[in-house]
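Asks: Quick one: the structure is below, and I'll ask about it shortly.
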Amino acid sequence: MVPPTVRRTSPSPADFGEQADHELLKTIQSEPHGTRAREAALEELVGRYQALVRSCVLRYRDSPEPQEELMQVGYVGLLKAINNFDPDIGDSLAAYATPTITGEIKRHSRDRRWQVHVRRSAQELRLEIRKARGDLAQELSRTPTDSELAEYLGED
């Protein structure tokens, strides 16, 4: 037990991490683009928040987009969050960055998918076909034909 007259003056690890993030953010905001100090601060923050980007991307592991591409899009979101975060208003860069990263991934996916408006029923049918193709392939021990898929789903 620490005697009451001895006060602990060193910050806890959580305090140091938050304080260091705020200092790095202030460096990024105060230094001009292209300076060594700004680039070093950016590199440090991106390194600290790699796991956050990875966790945001993992939510989309069933996406048809390659994971490497989603990681890059996630890093774009992280950089946007770092550049727009105001440490005087918010307390946590992670809390601000999470929806920014996720939003960037969603925007990327939305922009890359349907180029024309497709009715919701057609999109849902596509998902049913994907599932039915796997079920029928297992049942028939071969790839099902289009007519077999249509019959299985009760479609024309």
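What follows is calculated from the coordinates using simple rules that are stated; it is not laboratory data. All values derive from a computational prediction rather than experimental measurement. When we count neighbours, we look across all protein chains shown, and the Cβ atoms used for this are built from the backbone with ideal geometry, even at glycine.
Asks: Quick one: what does P(r) look like for the chain with 10 Å bins over all Cα pairs, in whole %?
Replies: 9, 25, 22, 16, 13, 9, 4, 2, 0
Asks: Sum up the charges of everything whose Cβ sits under 11 Å from the Cβ of Glu155, counting Lys and Arg as +1 and Asp and Glu as -1, but leave Glu155 out. Display every interim value, and only then the final one.
Replies: On the way: positive: none; negative: Glu128, Asp146, Glu151, Asp156.
Spelling it out: positives minus negatives among the neighbours equals -4.
Asks: How much length would be gained if the chain were fully extended between Gln123 and Glu43, taking 0.36 nm per residue of separation minus their Cα-Cα distance, in nm to one decimal?
Replies: Difference between extended and current length: 24.7 nm.
Asks: Loop-only trypsin sites (Lys or Arg not before Pro) in the stretch 71-153, please: DSSP not H, G, I, E or B, and at most 10 other Cβ atoms within 10 Å.
Replies: When the trypsin sites (Lys or Arg not before Pro) of the stretch 71-153 are filtered for loop state and at most 10 Cβ neighbours within 10 Å, Arg119, Arg142 remain.
Asks: Leaving out same-chain residues fewer than 8 places away, which aspartates and glutamates sit with a Cα under 14 Å from that of Lys106?
Replies: Cα-Cα hits under 14 Å: Asp62, Glu65, Glu69.
Asks: OK, next. If I model a spin label at Ser30 and Arg130 as a point 7 Å from the Cα along the Cα→Cβ vector, what separation in nanometres do I get?
Replies: Using points 7 Å along Cα→Cβ, the separation is 5.0 nm.
Asks: May I pose another question? Using 0.36 nm per residue of separation minus the Cα-Cα distance, give me the extension gain between Gln50 and Leu153 in nm, one decimal.
Replies: Gain on stretching Gln50 to Leu153: 32.7 nm.
Asks: Same structure, new question: Just from its helices, what would the mean residue ellipticity at 222 nm be for the chain, if runs of 4 or more DSSP H residues each count -39500 (n - 2.57) and the sum is divided by every residue, rounded to the nearest 500 deg cm²/dmol?
Replies: It comes out at -22500 deg cm²/dmol, rounded to the nearest 500.
Asks: If I take R0 = 30 Å and measure r between the Cβ atoms of Met71 and Leu140 in this structure, what FRET efficiency does the formula 1/(1 + (r/R0)^6) give, to the nearest 0.05?
Replies: After rounding, the FRET efficiency stands at 0.20.
Asks: Once you charge only the Cβ atoms, +1 for Lys and Arg and -1 for Asp and Glu, what is the size of the charge dipole of the stretch 85-156 about its Cα centre, to the nearest 20 debye?
Replies: 200
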